[in-house]
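Since the structure comes first, as structure tokens, the remarks are kept for the end.
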Amino acid sequence: MARDPLPRLPWLAWLPHVHVVLFALLMLLLNTNEYQHEFDPIPTGVLLLNGLQSAAAVLALSHPVPAWWLSTISLFLTSVTVDYGATHDTPWPWSIAGIALHTLVLLLLALRVRPLIAAEALVISVLAGAAPLSLAYPGPHQDVMQGAVSFAIAVVVGGSLRISRVARRRLVEQEVLTAEERAQRTVLEERNRIARELHDVVAHHMSVISIQAQVAPHLVESPSDELRENLTGIRESAVEALTELRRVLGVLRSEDALSAGAQHAPQPTLGRLDELIGKVRGAGVVVTAETVGEARPLAPGIELSAFRIVQEALSNAMRHAPGAAVRVTVGYHPDGLTLRITNTAPDGPALPSPGSGHGLLGMRERSAMLGGELAAGRTPDGGYEVTAVLPGSPPRQTAGPATPALPVAPVEDAP
């Protein structure tokens with residue numbers, strides 16, 4: 001039978017438990033003295049039943065349902081036992097101490113079970129004493145009526161307190177849910193604001209680049225095939241960037257963090273690495289690619305992060321090392337994946353780029369999130385190298401903070 005935990009009283013601590021134990025001992029003495037006054041000597045069975053009923057009151061603190069059954073059975077057997085040789089003044093079927101103990105048990109029961117169950121326990125308790133009594137001496141009996149009134153008061157008080165406690169708990173739960181919904185709404189509003197700013201800042205310029213790249217061949221008399229190819233590559237890159245930007249904005253604007261389109265949009269993987277390298281070559285960069293080990297599919301998060309790391313490293317090489325040759329090495333090993341992107345020394349100074357770069361920081365964050373490592377730095381010949389070691393599967397979530405395996409060097413985007 002399901003039951004609620006015992007209500008906590010922080011300001012009283014264990015004091016109510018001590019009081020229940022002392023009350024049970026006191027009622028045991030009173031019960032024994034009451035029956036000893038009528039029986040000399042007191043029957044052993046009655047003494048044992050008195051002890052079981054007092055023990056039931058203490059047991060009700062932790063197991064109210066078994067304690068109620070024990071107390072009810074003790075009351076019933078007591079009424080049957082003391083019937084033999086009972087006089088007119090004998091407390092039968094219940095003594096005052098027995099009524100007090102069972103009232104306490106019913107109170108503790110009503111505090112922790114549903115009101116319907118407590119009402120059923122009340123009816124059974126009254127019948128346990130009234131049934132044998134009515135068969136032996138039909139007619140009204142004061143002990144049963146007093147006991148029934150006491151039992152009913154205990155059930156009503158305990159049930160009312162439980163209903164009040166349940167109502168307060170549900171109110172607290174509703175307040176917590178309301179606070180969580182308010183926090184989620186605040187996060188969604190902030191994400192919408194970020195999405196609007198990203199769209200205003202980036203989308204317009206990317207659209208302008210795409211349109212200008214499309215119109216540029218018509219502004220030049222007899223444009224060469226190489227010029228047309230480069231402008232087409234620029235337009236395709238701008239359109240692809242706009243597509244990914246819209247997908248990210250859809251995620252930011254979605255309340256579920258995954259809109260229908262973003263949820264089903266394919267994420268780039270290492271299978272598209274040749275396509276990425278082809279676009280970089282189309283921009284005039286000499287890129288060589290090499291795969292070491294047997295290629296195999298990895299976890300989607302690993303594939304996506306590996307693709308983004310290579311993409312960002314190639315972008316850095318194009319932006320900060322003009323004229324340099326780039327080599328991309330993808331190594332598969334039993335424990336995971338190794339990425340190495342190396343470029344030679346640039347032919348000339350790089351054009352200044354506005355703002356501070358966050359490419360290396362983003363790559364380090366991706367690697368650390370997966371439990372991998374990333375190192376970046378200049379090579380002896382004046383070039384630059386980015387090396388990432390990623391595990392074969394994402395790490396399990398742990399309670400403690402993640403500690404990066406490599407020391408984080410000062411962030412710089414320029415190779």
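The values are calculated or read from the model by the stated rules, or taken from the named source; none is laboratory data. Here the structure is a predicted model, which is why all the values come from computation and not from measurement. Cβ placement follows ideal geometry from the backbone for every residue including glycine, while neighbour counts extend to all protein chains displayed. We work out accessible area using only protein heavy atoms, side chains counted, and drop any ligands, DNA or RNA first. Shrake-Rupley method; radii C 1.70, N 1.55, O 1.52, S 1.80 Å.
Counted residue by residue at 0.36 nm each, then reduced by the alpha carbon distance between them, the extension gain from E173 to A295 reaches 38.8 nm. Highest mean packing comes first when the peptides 241-249, 105-113 are listed by Cβ atoms within 10 Å, giving 105-113, 241-249. Note on T44 and E226: their simple-model spin labels are 11.6 nm apart, each label 7 Å out from Cα toward Cβ. Given a 1.4 Å probe and the protein chains as shown, I211 ends up with an accessible area of around 100 Å².
Rg/Rh for the stretch 273-371 (Cα atoms only, Rh after Kirkwood) is 0.98. Placing R0 at 41 angstrom, the Cβ-Cβ distance between E275 and E180 gives a FRET efficiency of 0.45 after rounding to 0.05. Loop-located GluC sites (Glu not before Pro) in the stretch 293-324 (DSSP state not H, G, I, E or B) with no more than 15 neighbouring Cβ atoms inside 10 Å: E294.
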